[in-house]
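For reference, the structure is listed below as structure tokens.
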Amino acid sequence: MVPIRCTLGLNALNLFTAAVQTGFGPFFSVYLTEQGWSQVDIGFALSIGTASVLLLQLPAGGLVDMIHHKRFAIGLALLLIGVSALMLVATPTQGPVWAAQVTHAIGSCIMTPAIAALTLALCGHAGFSERLGINARYASIGDALAAGLLGALAYYISSRAVFIAAMLLVLPALATLPLFRISDSVDENDHPALLHPKKRRSRNHRPWQIYREPAFHVFTVAAVLFQFANAAMLPLALNELTKRTGHSGFVVSAAIIVPQIVVALFSPLVGRLAQSVGRRPLLLLGFTALPLRALLFVSLPAAVPLVAMQVLDGVSGVVFGLMIPLIAADLTRRTGFLNFAINSLALAGGLGATLSTTSAGWIADTMGAPAAFLGLALIGLLALLVIGTLMPETRPDKPLRLPPAVAAA
């Protein structure tokens, strides 16, 4: 049983970290526009951030695996994100902004696997899936609340206030870390990710051994295809709606909020089902929603139908988001390098997303938006076929017993 203070701590940690990250979304471009930046310069700064995330995924995952105390890793990530916000506020010129993008990328690449590792240490492998769902619920709530708060600050004060608020939100996130005492809530023999890094290395296990797992390669391909089909879908739909109607302001907000509502409502249920019925049935459900949504977008829907279709985005998003750390934990039961595996899958998804926006934009410009949506639907269908024909069930049949070890705090 997880102590109540740890449960409340995880809830608050996920809520506040999501709130902090919200400030670095669309507000970033708006802020630089207010500072007189050209669209070319803004695009280059965004590209630096994207490239940094891709390049830093594997080193950051390996770093978190090397840090025994996961609370320290989370604290480091929060401080880096806070520093990046400070740099944006203090000196919004090219050099500092580029440095802020790299700093933020480092913090973000550390944060996601570190929270997953802390969750595994608290709940054990058997309880990992349900707790991941609860994590997603509070992250979704934090994202939605912060979007409203930061939007109000940007409207009534300035976009600079958004990043000041992001810095301040780091403080309550840091305040949750003393609540966690891992050793009194988890079986330290539950998963090799809980071993001290020295003991893990003494067993002659290395991070790259995850690449010897056939199921890992299957899911990696599926992750690339999933993000290839998904990343460009909503931006393209909103762009086409704007061209036809001349405005889409409230639709943008609604199209983002609807999937968040789905995630907040159903993530814990999906987590429980992943443990009771297995990973594969839920993967099939989530990956089926992706091409279906793309096919519905082929009709170039009006505002209300478009927003309603975003329910499917919530379904596929909650499944995909939960399965990355969960399948990574399943496939590292022998080696324990959980965080390296998580960031390897995140890197694959990031590459797919990068290809998605460029490819879909080119097809839409040359052949029309319906052709682009049809292409995305075909990619999504291919991802579904990969899961349906090649992906095995990874849920463990029985608990893993390890030599005595000290759990990661």
Rolling a 1.4 Å sphere over the protein heavy atoms, what is the accessible area per residue of region 241-371, to the nearest Å²?
39
Note down the nm distance, to one decimal, between modelled labels 7 Å out along Cα→Cβ at residue 51 and at residue 66.
2.5
Amide H to amide H, which residues 5 or more places from residue 334 or on other chains are under 5 Å from it, using H placed in the peptide plane?
none
Under a point-charge model restricted to the Cβ atoms of Lys and Arg (+1) and Asp and Glu (-1), what is the dipole moment magnitude of the chain relative to its Cα centre, in debye to the nearest 20?
1040
Using 7 Å Cα-to-Cβ label points, what is the residue 155/residue 245 separation (nm, one decimal)?
1.7
By how many nm would the segment from residue 79 to residue 261 lengthen if fully extended, with 0.36 nm per residue of separation less the alpha-carbon distance?
62.6 nm
Rounded to the nearest 10 degrees, the helix 94-156 long axis (Cα) sits at an angle to the longest Cα principal axis of the chain of 40
Each residue of region 6-12 in order: what ³J(HN,Hα) in whole Hz does its phi give by Karplus 6.51 cos²θ - 1.76 cosθ + 1.60, θ = phi - 60°, with x for Gly and Pro?
6, 4, 5, x, 5, 4, 5
From largest accessible area down, sort 155, 31, 138; use a 1.4 Å probe on the protein chains.
155, 138, 31
How long is the gain from residue 389 to residue 371 if the chain were fully straight, where each residue apart is worth 0.36 nm and the alpha carbon distance is subtracted?
3.8 nm
Which of 18, 392, 221 sits closest to the plus end of the dipole of the chain, meaning its Cα is farthest towards the positive end, when Lys and Arg get +1 and Asp and Glu get -1 on the C-beta?
392
At a 1.4 Å probe, what is the % contribution of carbon and sulfur to the accessible area of the chain?
71
To test your reading of the geometry: what angle, between 0 and 90 degrees and rounded to tens, separates the Cα axis of helix 159-175 from the longest principal axis of the chain?
10
Express in Å², to the nearest 10, the accessible area of residue 16 obtained by rolling a 1.4 Å probe over the protein heavy atoms while all chains stay in place.
60
Viscosity 1.002 mPa s, temperature 20 °C, Stokes-Einstein D of region 262-409 from Kirkwood C-alpha radius, µm²/s
124
Sequence-separation-based contact order of the chain, relative, with Cα cut under 8 Å and 6+ spacing, percent:
27
Once the whole set of protein chains is in place, how much accessible area is left on residue 276, using a 1.4 Å probe, in Å² to the nearest 10?
80
For residue 358, what accessible area in Å² do you get when you roll a 1.4 Å probe over the heavy atoms of the protein chains, rounding to the nearest 10?
100
Spacing of the two label points (7 Å from each Cα toward its C-beta) at residue 33 and residue 295, in nm
3.6
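The values are calculated or read from the model by the stated rules, or taken from the named source; none is laboratory data. All values derive from a computational prediction rather than experimental measurement. For neighbour counting, all protein chains shown are included, and Cβ atoms are generated from backbone atoms with ideal geometry for every residue, glycine included. We work out accessible area using only protein heavy atoms, side chains counted, and drop any ligands, DNA or RNA first. Shrake-Rupley method; radii C 1.70, N 1.55, O 1.52, S 1.80 Å.
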